[in-house]
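Asks: Structure below; questions to follow.
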Amino acid sequence: MLRAMPPAALSPLHAALRAAAPVWAYGLEDAPTLAAFLHYFGARRADPDFAAARASLALWGWQTRPMHPEYGPPFASAVRESAGKDAPASRLAAACAALPAAPVPGGLGPALLAGDAALLVRSLLPLMREPGTGAAALALAWDTLLRLGSPDLARACAAGCVLPPEAEPLRGRLLAEVAFHYEAPATALAALDALDPAWGLWAAQRRAECLAASGETEEAARLYADLWGAMPWHVNLALRLHGLRSPEPPDAGLTERVEAAVCVYSWNKRELLAATLDSLAASRLGRAAVAVLDNGSDDGTWEMLAARAGRFARFLPVRLPVNVGAPAARNWLLTLPEVRAASWAVFLDDDVELPPDWLDRLLAAGEAAKARGERPGAVGCRITEARRPFGLQSADYHLFPPQPSDEPEALRIGVFDNCGGQLDAGLFTYARSCLSVSGCCHAVSREALDAAGAFDVRFTPTQFDDLDRDMRSCLAGFPSLYEGRLTVRHVQHSSLAKAQTPAQVGHIQGNRVKLEGKYLDEDLTRLARADAERCWAHLERVLPELADGAA
């Protein structure tokens, strides 16, 4: 069982959540989780704290997803119920929720799946001039439009769509969203400042991020404090505010004092790997060795490595005659004497873009945790796509307790993907303990490797080998640590996201079965309880500090 909470550490709302909904501590910024807690708060609305939480959650859920065909209507309905149907925000919410109801031509779906900007110009833009149909098409296409990397098309659709008069304030909101994800902070701030007051919570959070990006940290923290006061149920807000108030600048000399080895493996990605090595060479590496394994490539990768060897003070190239898969490649690198001697083995994917201080930040997070008496097994960071609008690929991963089921094929390992693939709006810029971090960029401690072992080659060629190693590390007493204040750009998607063919999907499903078969229910229960306990322990330190800061 989770331990009892200190009586004065948490507010009545947070105390009730700890007792009845311990997974709340993981976060709830993705839409399904927000919707689930809307229902949970609604069932307890007789309590004034929960009634207020439901009202602000409904408003936030609607403001962040005003046209979403699935989630927009229930959030809008809850806004009307909480604020009254005649309130300005209620009327606008109802108008936005009604937009997806009109029929949309069947040809739009394939165009959206194709993600072809030119095709969407031909199929979507003409619809914008049609009353009803245009707004419904825009609601269906908006997320795709934001992610296309074509802000002009998104702006043209938002500006040209025929909206009913009662939904007209939506236009500015959509244009401001495009500006936030694609333009400089000053431009985005101007668009946010012009918005209708009905978008107050959403606009304030985006404004805070623009200010933080411009170096105006104190003003950003003030806005986040106001938001936290209005939405004390929002875990991500609390964590982001705490990070703004308690920044931990990286120690620029850490890479000279801490022994680390950067490990990269690659198969037939010469150009992507070359760009990654260029980014790596331009960063501060200090004394770190750089070990690169050519995993049986036949595209000139080995020759490219030879040409770049002189850019690194300690360069360790390895060439294998065949592709042995990701787990074995990592394990091979771990056997190199220079890597075995390092305190941290830092694994990178072969298609990343790195900030200059990435290694300082990663090592600083791990060493600071050690100084606090913790035992970090792996230290990871926030992973986003490499081009605007910077979709989130991964943040911190957590584990749900296994649920009893009569279905023989029911999944027992329920991993909470905290960011849910949404666009990066700054709400995952925090640091805390977790079950697992992305293998795209993570530092693994030598102590954890000695205690829990390396990567399991049964997950060859790849998929779930990182998660499995992190789970074994947690069971051995070395949980992962997420340092979301470090951002690494990932050029491609993960192999899980890229799976399309039946063979690729079958391989992933097969590895999932292997993962399910490795762990007993009691191990999963222990992992989940310990993960939740660490998150709550962190919040019990953070929340009183936020209250003191507000006072």
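Asks: For the stretch 209-256, which residues satisfy the criterion of being without any contact (Cβ under 8 Å) to a residue 12 or more places away in the chain and outside any loop (DSSP other than H, G, I, E, B)? It would help to see each step written out before you state the result.
Replies: The initial filter retains those residues of the stretch 209-256 that are without any contact (Cβ under 8 Å) to a residue 12 or more places away in the chain, namely 215-216, 218-219, 222, 249.
Answer for the stretch 209-256, where residues must be without any contact (Cβ under 8 Å) to a residue 12 or more places away in the chain and outside any loop (DSSP other than H, G, I, E, B): Glu218, Glu219, Arg222.
Asks: A follow-up question, please. Report, by residue number, each residue of the stretch 287-306 that is at pLDDT 95 or above and more than 26 Å from Pro327 (Cβ to Cβ). Give the steps one after another, and end with the answer.
Replies: First, pick out the residues of the stretch 287-306 that are at pLDDT 95 or above: 288-306.
Within the stretch 287-306, Glu303, Ala306 qualify.
Asks: Right, something else. For the stretch 348-391, give me each residue that is among the hydroxyl-bearing types (Ser, Thr, Tyr) and over 24 Å from Val491 (Cα atoms).
Replies: Within the stretch 348-391, the subset among the hydroxyl-bearing types (Ser, Thr, Tyr) is 384.
Those that are among the hydroxyl-bearing types (Ser, Thr, Tyr) and over 24 Å from Val491 (Cα atoms): none in the stretch 348-391.
Asks: Any residue in the stretch 393-413 that is of a type in the set (A, V, I, L, M, F, W, C), under 23 Å from the mean Cα position of the chain (by Cα), surrounded by fewer than 21 Cβ atoms within 10 Å (Cβ to Cβ) and assigned to a strand (DSSP E or B)?
Replies: Yes, there is a match, as at least one residue in the stretch 393-413 is of a type in the set (A, V, I, L, M, F, W, C), under 23 Å from the mean Cα position of the chain (by Cα), surrounded by fewer than 21 Cβ atoms within 10 Å (Cβ to Cβ) and assigned to a strand (DSSP E or B).
Asks: Among the residues in the stretch 451-459, are any under 21 Å from Val346 (Cβ atoms), assigned by TED's automatic domain parsing to the domain that holds Trp344, among the charged types (D, E, K, R) and in contact (Cβ under 8 Å) with a residue 40 or more places away in the chain?
Replies: yes
Asks: Identify the residue in the stretch 414-457 that is in contact with a helix residue (DSSP H, G or I) (Cβ under 6 Å, 6 or more places away or on another chain) and in a helix (DSSP H, G or I) and, among all such residues, is farthest from Arg375 (Cα to Cα).
Replies: For the stretch 414-457, the residue satisfying everything is Val457.
The values are calculated or read from the model by the stated rules, or taken from the named source; none is laboratory data. Just so we're clear, the structure is a prediction, and the values are computed from it rather than from any experiment. Ideal geometry is used to build each Cβ from the backbone, glycine not excepted, and the neighbour counts take in all protein chains shown.
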